[in-house]
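See structure below.
Each reported figure results from applying straightforward, stated rules to the coordinates on display, with no laboratory input. Everything numeric in this text was worked out from a predicted model, so none of it was measured. Because the Cβ atoms are built from the backbone with ideal geometry, glycine has one as well, and the counts that use them run over all protein chains shown.
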C-alpha cells in the first residue's frame, strides 16, 4: 500500500459549511481516514439548495460545492439530537485520533460531545473546536461566515482601493481558517506521537485572519495609526500595480524594486523619453509620481497581451505576471505542467475538474483519491466493520431514525 | 513551564520577507528552535519595511520583521563563500527542517538543492516556498507579493466581490498571499515531521505560492473549471452583504432562514418574515435591490458596533469591518489575551497578535523577541559548532559571518 503522510490517522469530522470541512479535507488529502458525521435532519448547508450552489441544484448528493470541500472523505448518517446517536458518535471517537467540529461555541457540550465527554471515551483524543470568535470571551456565542471573519479580522478594511469600499474577502477566508486549523491539529498529532498526550484546541476564525496581517497591528501599536486600503500599491516600490493589456479585461501585474529592474523595464519599453525625466529619475521620485508613471506604463502594456508582457519582462529579470482570471488558469502552460488540477469521477455528477493539494511532497504525495461521499455512503463500513454492529442492529437504528 | 508541541525540533531558515519567515515563526511559536540565517551586514529585506516607531526607518526596528521573527535565533552567514557553505553544511547535519525561499536554479548552483542536502542529512525535511514552485517553465520567474497574488487568479476574484465599484483586479490587504503560502507550508512541514517519526527519512516539500493561493479559491476556480465563467460572488446578488453605517461598514451574511428572520427583526421589519415574496433565498434575491435599500437605511443610522452587537444578540451573522485600532480595543480579543506584549531591546514594549489557537496542553508562548542582526553568532558558532573566538574574528573580517 502506498504510504501517505497521515497513514493510520482517523478523524471524526463533525464539521459543516466551509471552514471546518476544508480543514478535514486537507487531512484527508494527506492520507488520514476522515469520517464525516452528517444527518438528513440537519444537512451540511453546502448540500442544500442555495444561491451559491446556483439554480441547477438537484439534491444533496449532487452538490458541487460540497464536492469541492469534502473530497477523499467517508460519510455516515447520525441524527445527533438523539441520545443513541450521541452514544454511537462516542463509540466512533473511541477508534479515532482526532475530532474536529465548528458548531457555535457550546453546541457540542450540549449534545454531550464536548471535549470532556470525548476524553472519557478516548483519553488521548485531539479535538479542535473552530468557531467564529473563539470558545471564550464575552462574544463567544456570536456567529459568522467567511465575510464576517475577514471583517472582524481586520483584513476587509485593508483590502481594496483608497477611494473605494473595503472588500470583505469571501470564501477564501474560511479556507484560511481551515489551513490554520490543520497546522494546529498536526502539531498536536506530532506532540501526541512523541508524548502520548492528547489535548483540546480552541480556535477563533476571526483571529486566524488577524494573524495574517500582523504588521498592521504593529503599525497601530507603534504609531497609533490604523493602516488602510492601498489598492495594488506598495509602501516603497513603484511601479507596483496591475496594468491593462490587449484583450478584454486582461491585466498584468508589474513590480519594480531595484534600479536594475527599472532600467531593464525601460529598455523593454523601448527607452521612452518620459522615462528619463527628472520626476522618474530615482526610486523616491518614481514613488511620488506613481500615478503619472502608471498611466504611462499602461500606454505601453495595452499594446501587448499579458503573456507577452510577462515573457518580455521576465527575460530581463523584471517581476511581471498576468492577473489571471479563473478560467485562464486551466490553460496556463506552467500550471498544466505542474498538474495543479485533477479530474475526479463522481457517481452522480460525473467527471469534475478540481484543484489538487496545495503542496508537492517528494516521498508521500498528497492526492485526491476519491470523490466526496454520498450522504451516508459508508454507514456499512463504519457501523459494521469499524464499530462491530450487526446488520440487524444497523437496520433497527435506521428505522428508529438514529442513523438518519 | 508548560511543554511545547514542537519541543526538540530544529529548524534552519534561509528566507526573507514574509512567506518563509512566517512559516518558521509558526514552528518557533510552538516550541521549535529556529535559527535564522541572514546576509552579513544586510539582513532580511523585511528589516527595511514598515512599520517603524515614529516612522523612522532602522534595521532593528521594523514591526514587520519583529512580528515575523519572534522566538528565533539569528545568525549571519555568507553563503556565496566556500567557508560559508561549509558552515551551512555543518548546520544542516543537525537540522530537522530547512525553510527556504530562493530561486530553484540558485539553490542548485550553490549545491543547496534538496538532493545535495539530503546526501549530507537524509533525515532533512526541506520546504521550498517560491513564486511558482520547483518545476515548470516559470520556476525561476521573479515575483514580488503583488505578482504572486495576481498570478493566482485571486485578485480578479476580489474585484468581483464589489462589482461596478472597482475597475481592476486588486491584491489582498498587506502581505496576505505571502502569509498564506507560509501557513500552507507550515502545515506540510509538521505533517512531514510526524511521518518521519516512523520512517526516519525526510523529504522535499515544494510549495508554489501561486498554487497555495489559488487553492484558497478552489470553489470559485472549480466553477470556472466546469465552464461556468460567471463568478459565484458576482452572480450571488445576495441580500445583506456590504453596508455603510454611521461610522464605517458592516458585512451581513444570512444564507439561512432563521438568520434572515433575525435581520428582519433587527431592522424593525418583522412583517418581512411572513411575506410570501421573500420566502427563501432565491425569492429574496429577486428583490435584492429594494431589500438592500431598506437594510441600508437602517444601517446608515446606526454605528457598526450597534449593528454588530444588536444583530449578534439575535443570532444574525453581522461583522463590523474593523481597523487595527478597533482590534486592539476589542473586549473579546482582550478577554482571550489575543494580543501579547513583546519587549524588544531597540523598540521597547509593543503589542502584537499571539496565536488564533489555544492548546490546552502545549500553549503558544513568547520566549524572545526577533533577533538583532547576528545576535546569536557567538552562541551558534562557538558553543554549538565549536569555533574559537579567533575563528570568529577572522570569519567576520572575511565577510563570512
Euclidean distance of C-alpha centroids, region B:1-50 and region A:116-145, integer Å: 29
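Give the order of A:371, B:309, A:45 when sorted by the count of other beta carbons within 10 angstrom, beginning with the fewest. Walk me through the numbers on the way to the answer.
On the way: A:371 22, B:309 15, A:45 19.
The most exposed by this proxy come first: B:309, A:45, A:371.
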Share of alpha-carbon pairs per 20 Å distance bin for chain B, given as whole %: 23, 49, 24, 5, 0
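Among B:126, B:395, which comes first, then next, by fewest other beta-carbon atoms within 10 Å? Write out the running numbers ahead of the final one.
On the way: B:126 26, B:395 22.
Ranked by crowding around the Cβ, least crowded first: B:395, B:126.
Per the helix-only calculation at 222 nm, which mean residue ellipticity applies to the protein assembly as shown, given -39500 (n - 2.57) for every DSSP H run of n ≥ 4 and division by its residues, nearest 500 deg cm²/dmol? Could you put the intermediate results ahead of the total?
Numbers: 35 runs with 311 residues, N = 805.
My calculation for the protein assembly as shown gives -11000 deg cm²/dmol from helical runs alone.
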Two-decimal log10 I(q)/I(0) for the protein assembly as shown, as the Debye equation yields it once each C-alpha is a single scatterer, q = 0.09, 0.10, 0.11 Å⁻¹: -0.84, -1.06, -1.30
Between 0 and 90°, nearest 10: helix B:19-29 axis offset from chain B longest Cα axis: 80
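Have a look at the DSSP beta bridges in the protein assembly as shown and tell me what percent are antiparallel, nearest 5.
On the way: 35 of 78 bridges.
So the antiparallel bridges amount to about 45 percent of the total.
On alpha-carbon atoms, Rg over Rh for region A:105-228 using Kirkwood Rh? Spell out each step's value before the answer.
On the way: Rg = 17.2 Å, Rh = 16.1 Å.
Computed over Cα atoms, the ratio is 1.06.
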P(r) of region A:21-146 over all Cα-Cα pairs, binned every 10 Å from zero, in whole percent: 12, 38, 39, 11, 1
q = 0.13 Å⁻¹: log10 I(q)/I(0) that the Debye formula gives for region B:233-312, counting C-alpha atoms only: -0.35
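Out of all Cα-Cα pairs in region B:129-185, roughly what percent, to the nearest whole number, are more than 13 Å apart? Don't skip to the answer; put the middle values down first.
Numbers: 991 of 1596 pairs.
Looking at region B:129-185, the distances longer than 13 Å represent 62 percent of pairs.
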Chain A - convex hull of alpha carbons, volume per residue in Å³: 183
Alpha carbon centroid spacing (whole Å) that separates region A:20-88 from region B:348-401: 45
DSSP bridge pairs, chain B: antiparallel proportion in percent, nearest 5: 40
Choice from A:238, A:178, A:221 showing the highest fluctuation, given a GNM over chain A with Cα pairs closer than 10 Å: A:221
Exposure proxy ranking, count of Cβ atoms within 10 Å, fewest first, for B:23, B:184: B:184, B:23
Region B:1-123: equivalent-ellipsoid semi-axes (sqrt of 5 x gyration tensor eigenvalues, Cα, Å): 25, 20, 11
Kirkwood Rh and Cα Rg combined as Rg/Rh, region A:250-324: 0.93
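Nearest-5 percent of antiparallel DSSP beta bridges in chain A?
On the way: 15 of 36 bridges.
Once the DSSP bridges in chain A are tallied, antiparallel ones form about 40 percent.
Can you tell me what the convex hull of the Cα atoms of region B:229-376 projects to on average, as an area in nm²?
That works out to 14.0 nm², a quarter of the Cα hull's surface.
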